[in-house]
Structures are given as C-alpha cells and as structure tokens.
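Asks: I have a structure here, written as structure tokens, and I will follow up with some questions on it.
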Amino acid sequence: MTMRSLFAYSVFHLNICFSSIDEDKRPQLVEKCYWPLLRLADDLDVPIGLEASGYTLEEIHRIDPSWIARLKSLIDRGVVELIGSGYSQLIGPLVPADISRANLSFGHEVYQRLLGTRPTTALVNEQAYSCGIVPIYLESGYDTIIMDYDNVASFHAEWPKSYRFAPQRAVGVDGSEINLLWTNTIAFQKLQRLAHNELPLSDYLDFVSAQIGEEERCLALYGNDVEIFDFRPGRLATEADLGDHSEWERLREAYGELAKNPNVALSLPRDVLSRTYTYTAAEPLRLETPEYPVPVKKQQKYNITRWAVTGRDDSKINAACWRIYKKLRSDRSATQEDWRELCYLWSSDFRTHITPKRWSDFQNRLSQHVCHSKTEVEARPEQTGETAFVPIVSEDEKTVRVTTSAVRVEFSKRRGLAIENLWFGGAESHNRPPVCRTLPHGYFDDIRLGADWYSGLSVFEVPGEAKVTDLERVQPHVEIDPKNGDVRLSAMIETRLGPIRKVITVSNSLRSVHFNTSFGWQIDKTACLRIGGITLNPEAFNTDELTYRTHNGGPDWEEFALKGKVVDHGAPISLQVSANCAVGMTEEWIDIGDKDQRVRLSADHGKSTVAGLVTHKPVGDKTFCRLSLTALEFDETRRSGQHAIFGPELSFTISG
C-alpha cells in the first residue's frame, strides 16, 4: 500500500482579551506565549496560521511593538499566514448583521495598518457558526472560513468520515458558498496534552501517523488557544500544573519530529486548499441542522446560550449593547469610533469566565455608553376617535374570552392567564381551529409528554428544587382602551419567591397578543428562566410542512424543516448545563408554521435579551411543537449571586 502525504496545518488562536486573565498580566502573555510562538515558526521554519483579533494586535503593539514587527516579517517571508477574526471576538449568530460587518471591517483596518496585509481566511469567532453569516464573510473579502469538524459532524450521520480529511464548502443562507477548512478537536487536544506532559511524544507521533491514508489528506494539528502554553489562565480547577520543563520546548520537539516524517507535509492553511484530493473534497455542505442551528466548537456544552443568557449577567449586558446599537443606528452623528467601541463591548470574553476586576471595569465602560441609550419604543399604529370594532369581553369562573377585530383568545383564570385557545382573525375565525392552545394531560399517548402544555407562561427552575411558574389562580383586571379598542388584562401572581406582575394586551388592530411580565424577586442561585412558551395546536397545521424561521446574525432569515425531526433545544446536557442549543433571533423574532399560516414569537432585545428555543417531537400520528424564549440559563460560566434582584420587565409578543 502506497501512503500519500498528510498535509498538516496549525491555527494558533491569540486572544489577549482572554476572559480569565486580568489586564496587568498581558505583558506576561506576550513574553511567555506570543514570543515563543513566533520563535517556533522562525527558528524551525515551521509554517503556521496565526489568528488574532484587531484588538489583540493593537494591545500587543502597545505592549511590545517589536513583536508586531517580527510577525510582519514572518508573514512577508511566507512562514506565517495571518488568519482573520475581526476587531473583537464577538459571536456572529448573536449580533445584528450590521455589527458583524462593522467588526470584520474594523479588523481589516487594523491588519492593514499594523501588518500591511488583509487576510482572506477567517477563523469563525468561538467557532459559533450560522449559515446567515456566510454572505457577510464573503462581502468582507474572505474566501475561506475555519470551523470545528467534530461537533458539527456529530449532527450529520450522513456525512462520510472522509469529509474530515479535506477542505469542503460551507453553503450560506442565500446559497452562496465559501471555502471551509476544519479544525479537529481530538487532534488539538492531543497536542495540548503533549505540551502539558500528559501524553508521551511517541504516542502523539503515533496518533498523527494513524491519520495518514492511501489518499492525500489534510489535518489541523492545532486550532485553539495560545495562552495555555507556559501560562495558566486560572479559568479551571482542572488546569495542568506548570512543570519545570518548558511546554514550548515540547511543542518544538513535536514539530521537529513531524518535519522529519516523509509522509507529513507541514503546511500553511491556505496551501491546503490548493491540493488535489479525492471526490470528498469541496463538497457543498450545510453545517446547520434543525436540531443544531448554530454549531459551536468542541462538545455540545459549548452552545450559544453561554454568550447569550449565562455568565455573570449576559442577558443584561447584551440588552445594554442592543440599546447602544439601536441608538447608533438612528444617530446620524454616530462616529466610526462609536461603532468600534460597540464591537469591543460585544466581545465574547466579557460573557464567560471574566475575573471580578475585569467585570467591574467592563460594567463601568459599558455604562458610559449605555446611560443615554434608550431602547426604541415599540411602534403601534395610532388611531384617533372611536374604533370601528368594539371588542367583546366575557368571563366566567374559569375563563376570560376576548374578541377583537384581529384576535380571538381565551385565557385561563385558574392558570395565571395562560392561553387556552388563540385564533388570529377575530370573529371570522370561528370556523377554524385555534393556532395555539393548551394541550391537556393525556392528549399525547406518551407518558413523557403526560402533562398540561400551556401557552404564554413563565417557568423558573433551580436544580434540585420545585419549579416556580405563573400558573396560579388570578382574578384579572380587564379594561378596554377607548381610543383604539385594545383589551388589557392585568394580574398580580403570588409565588414563593415573590410576586409576578403580568400585563397582557390583546390588539384590536394587529394580529398580536403582547405580554409584559415583571418579577420582583430575590435570586442568589443558579437557575434558568424561560418565558413565552407557546404550544402549537397540531390540528391547525399540516405538520409535515412545519418549519421554523429566524435570523442568526445574517441579513436573511434561516428556515429549518421539522418533518421527522426530534428537536429539543432546551433539554439539559448535564446537571451543569441547562440547555443544548438556541437561536439568536437577531431580528428579534422567531416563527413557526406551514405554507398557509405561521405563528411568531418576538421580543425587544433592548429590554432584556433572550434567545429562542424550539421543541418538536412526532408522537404517533400527532406532533408536539413549542416555541419559547430563555432569559436565563446556567453552565460552568454562570456565577450565582449576581442577580440580587431580578427585576426587569420581560416582554414578548405572539402574532400571526
């Protein structure tokens, strides 16, 4: 058997804004981590890819301009390939498309100014991908992106394993395609273990040799942080101790041995694209699936909830960034520096394992920009005079029934004004089944769904404790706006944690029901809070045609077909991670439906940023399908005790 070459490339990720490293330690990073990387490439003539944000390069230049000069010379010499990132390491699927465009543009400006070059290959930030961001990278001059293979492939059983050993093509939401290079989680962890003296060099070399096949292949030897070699960020209790032997020396030894292997060709990432592979190369691939719409690196515990609604107070600081964004978008006097600062404030590093000092500094910096930034007022059509249609409101001991010109809805007084049935279209909807309803206990012939499934509720859960909901008996106050005919229901719901104030507005002109929920609670525990859950009535839809749509950072919505799929974004990964996925809702809505009708769930991110969760399970000849919003989740980045008072108004709208 003739063995062909393994084209091995490396992508070292530099991030001076590393969440668990205080700013006064940055000079140590340059000395202990960044200089040894350049010496590895320079002394051994080892080709490497080096990825850094514009902010990281600016900070290194401030600390040690000679490092930037050496990097530039290595790039010019063709030993180092600069891999792009953007100005900051922000999460594309969680921010508006305009912010991603600005971030990539500001990054290019720094690359050109400091290094005299503009990279054409980008490492997707935190490797949090959506098909919506592909056209943004293409617009910004990138022709290649780098993404994790292992976690993505775990949701694509149909992919041949040979896909991992060749460049492919990622298909964007608009059908555009971009070159795709893989990183490999197992491979980079092997190299880390070698460096940390947890894996003998012989075992590591055997692992690399085992990747060589009969056909030409490529493999990413490394695709992760630089700050973990001869330096310990202090993020995890399980970090390896620093020994007497330099970890960079172990890396130099490993690369030196690999260079001697006649079947291994150490390569730059861009050189891998020009090789000739088998038919498994350059295949147009959809990385996203309905079950996993926003793929992320490593294991599934690294999902986008960790930057959206976990951390120290992600929902609150994301809402502040959204308010700044909305202000800048409408402010003609906004400067480029204003937009650059917002890109910085939206960085992922402030949303995970940030140190107390950096958290305090970040909050102060954020407050300087958000203090005068108010969220946009929700646009509602103004009417003068009396409305043409007079709403009909009736109630009995169990139910409040409201009929307007646009909506017909029934609320349960026994269950905190949860929606029993919802129709869009007002009085003329009498001959149609409701689009949303409460599915009673026993509706599904599956004990795993043996509960009442409500709509329009809030659920708060602490691990190991009974959940708290707003499904309590109420006697609501009901009033009709004499100007526009909107019907408003309000109630105070007592719970063991404190009161919940719930205000519901049924529109007389729009096909919408708006919920505003306020929590006057004291919280000092790790928990999750989900609101706005709506349960589709399977009898009102062609369930074979069901799709959900939303924006995950791109200019166009993404659509996911649900037929035959089991989707449960809100299912926990473990006792430590409360959700496995989410959608970014970066145009502030998600909808679900068939070809004839759809139901939309929307929220104002400027008030309190939420993420969307989809549940879809075929059950015999029926379908269980729900949408909900999450305002709070937990994982290893979560810090309890941050919400001394959980007092914001969480609002959402159901429309059709």
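The values are calculated or read from the model by the stated rules, or taken from the named source; none is laboratory data. Just so it is clear, the model here is predicted, and its values are computed rather than measured. Using ideal geometry, Cβ is built from the backbone for each residue, glycine included, and neighbour counts are taken over all protein chains shown.
Asks: Quick check on Asp486: is it more than 20 Å from Ser628 (Cβ to Cβ) and either surrounded by 14 or more Cβ atoms within 10 Å (Cβ to Cβ) or among the β-branched types (Val, Ile, Thr) (or both)?
Replies: Answer is yes for this residue.
Asks: Now for a different question. Can you tell me which residue is nearest to the chain's Cα centre (by Cα) among those in the stretch 603-623 that are part of a strand (DSSP E or B) and buried (at least 22 other Cβ atoms within 10 Å of the Cβ)?
Replies: In this case the residue turns out to be Ala611.
Asks: Now, a different point. For the stretch 513-599, list the strands (runs of 3 or more DSSP E) that sit wholly inside it and hold at least 1 residues that are surrounded by fewer than 22 Cβ atoms within 10 Å (Cβ to Cβ) and on the phi > 0 side of the Ramachandran plot; which are they?
Replies: 589-593
Asks: Right, another one. Checking the conditions here, which among Gly107, Gly132 is modelled with pLDDT of 95 or more, in contact with a strand residue (DSSP E or B) (Cβ under 9 Å, 6 or more places away or on another chain) and within 19 Å of Met585 (Cα to Cα)?
Replies: Being modelled with pLDDT of 95 or more, in contact with a strand residue (DSSP E or B) (Cβ under 9 Å, 6 or more places away or on another chain) and within 19 Å of Met585 (Cα to Cα) holds for just one of Gly107, Gly132, which is Gly132.
Asks: So, Ile145, is that one at pLDDT 95 or above, assigned by TED's automatic domain parsing to the domain that holds Glu288 and assigned to a helix (DSSP H, G or I) or not?
Replies: For Ile145, the condition - at pLDDT 95 or above, assigned by TED's automatic domain parsing to the domain that holds Glu288 and assigned to a helix (DSSP H, G or I) - is not met.
Asks: Just checking, does the stretch 228-240 include any residue being closer than 21 Å to Leu6 by Cα, within 34 Å of the chain's Cα centre (by Cα) and in contact (Cβ under 8 Å) with a residue 12 or more places away in the chain?
Replies: Looking through the stretch 228-240, none of the residues is closer than 21 Å to Leu6 by Cα, within 34 Å of the chain's Cα centre (by Cα) and in contact (Cβ under 8 Å) with a residue 12 or more places away in the chain.
Asks: Would you be able to tell me the number of residues in the stretch 122-159 that are among the hydroxyl-bearing types (Ser, Thr, Tyr) and buried (at least 24 other Cβ atoms within 10 Å of the Cβ)?
Replies: Total meeting the criteria: 4.
Asks: Can you find a residue that is under 24 Å from Val309 (Cα atoms), small (Gly, Ala, Ser) and touching a residue at least 60 places away in the same chain (Cβ under 8 Å) anywhere in the stretch 559-569?
Replies: No, there is no match, as no residue in the stretch 559-569 is under 24 Å from Val309 (Cα atoms), small (Gly, Ala, Ser) and touching a residue at least 60 places away in the same chain (Cβ under 8 Å).
Asks: Regarding Ile186, is this residue surrounded by fewer than 21 Cβ atoms within 10 Å (Cβ to Cβ) and within 23 Å of Ile145 (Cα to Cα)?
Replies: So Ile186 passes the test.
Asks: If you don't mind, another one. For residues that are over 32 Å from the mean Cα position of the chain (by Cα) and not in a loop (DSSP other than H, G, I, E, B), scanning just the stretch 463-483, find the one that is surrounded by the most Cβ atoms within 10 Å (Cβ to Cβ).
Replies: Taking the candidates together, the pick is Ile480.
Asks: Can you find even one residue in the stretch 76-86 that is closer than 19 Å to Val124 by Cα, buried (at least 22 other Cβ atoms within 10 Å of the Cβ), out of contact with any Gly (no Cβ under 9 Å at 6 or more places or on another chain) and in contact (Cβ under 8 Å) with a residue 12 or more places away in the chain?
Replies: No: the stretch 76-86 contains no residue that is closer than 19 Å to Val124 by Cα, buried (at least 22 other Cβ atoms within 10 Å of the Cβ), out of contact with any Gly (no Cβ under 9 Å at 6 or more places or on another chain) and in contact (Cβ under 8 Å) with a residue 12 or more places away in the chain.
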